[in-house]
Amino acid sequence: MDDDAWVVVHRSGDRKAAQDAGLVLTAVDIDNAVRFEDGVWQVLVPRHRAPTAEQELLSYRDENPPGVGRKLRPVPMVDSGIHGVLGYLVVIWGVLLLEQREAFGHVWRTAGRMQAGLVTGGEWWRTITAQTLHLDLGHIAANSVFGAFFGLFAGRALGSGWAWLSILLAGSLGNGLNAFIQPAEHRAVGASTAVFAALGLIAAFSWRRGYYRGRIGWRRGLAPVIAGIALLAYTGTGDENTDIMAHLTGFVAGFGFGYWHGEIDAPKRFDQRSQWLAGGTALALVVFAWAVAFGP
């Protein structure tokens, strides 16, 4: 290395700090070298790249002030989230069994599926009942796994009762929005609208409460939102049977509920009694919607 062609852009008594600076420069494709001289660690770059390198290191230091925000804010856990997940699984698998047996003498899919024209015509209950119906075992198995996963974290953050009441309402709102967007003949079933409502809810709540804000840089503060959108994009698309718009509207509705919960700091407002009340309300809404669907 020709010392005349290379200049020092960083000096430190800390070897790791010098190595980190070198990694920053490497990440933006600036050649660099780290050396120890006269008791000081130095980072050198080609002379013509020095102004750019100094600017990159300055930007890095602005986003990463020493000793600030090195730890995540602790995420409070209201409860284990297990009760809500179990309730969710009992409902969707229970409805599957009842549907297969044509319990109470009804064709459950005809009575409860989401059909855009009927929903916009006033049959609101379909936005709820459709969330409990599934096409086949593969469909319900996928929604069981993803719903349990996202719902578990939502339950831990908000409490099982309020989390699942919010997921149900957001899923219903998502189905309603989807009905107004889709043509009148559009039909759909499945808990996936609620699944992505749960994802949106926990993403927005975590962001609004600032659980990642303690991390360095504003980009990491948005980590829950970015992760939620990435998961939506990765898991929310599929074959021709996938109702992508329902996934999107469910996510948006859930995001709204999560933002509101974060704004009012819901876990501090809702005691254990209200959690049971909220969970019972969610179950009652499902039963009531099916009762209306079957009619007198």
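The values are calculated or read from the model by the stated rules, or taken from the named source; none is laboratory data. Values in this document were obtained by computation on a predicted structure and should not be read as measured data. Cβ placement follows ideal geometry from the backbone for every residue including glycine, while neighbour counts extend to all protein chains displayed.
Before moving on, here are some points about what is shown:
- Selection from the stretch 260-282 of residues that are loosely packed, with under 15 Cβ neighbours inside 10 Å and of a type in the set (Val, Ile, Thr): Ile264
- Test: residue in the stretch 133-148 that is among the aromatic types (Phe, Trp, Tyr), more than 21 Å from the chain's Cα centre (by Cα) and in the same structural domain as Ala284 (by TED's automatic domain parsing): no
- Residue among Gly155, Gly147 that is part of a helix (DSSP H, G or I), under 15 Å from Ser80 (Cβ atoms) and in contact (Cβ under 8 Å) with a residue 12 or more places away in the chain: Gly155
- Only one of the listed residues (Gly117, Gly121, Gly112, Gly105) is under 19 Å from Ala246 (Cβ atoms) and surrounded by fewer than 13 Cβ atoms within 10 Å (Cβ to Cβ). That residue is Gly121.
- Figure legend. Inter-residue proximity from the stretch 243-271: first residues of a type in the set (Lys, Arg), second residues at pLDDT below 90, beta-carbon distance below 9 Å, spacing 6+ or different chains. Indicated pairs: Lys268/Pro76.
- Among the helices (runs of 4 or more DSSP H) confined to the stretch 158-259, the ones with at least 1 residues that are crowded, with 17+ Cβ neighbours inside 10 Å, touching a helix residue (DSSP H, G or I) at 6+ places or on another chain (Cβ under 7 Å) and at pLDDT below 80 are located at 223-235.
- Flag if Ser274 is within 12 Å of Leu158 (Cβ to Cβ) and at pLDDT below 85: no
- Criterion violated by Leu72 - all others in (1) touching a Gly at 6+ places or on another chain (Cβ under 7 Å); (2) modelled with pLDDT of 85 or more satisfied: (2)
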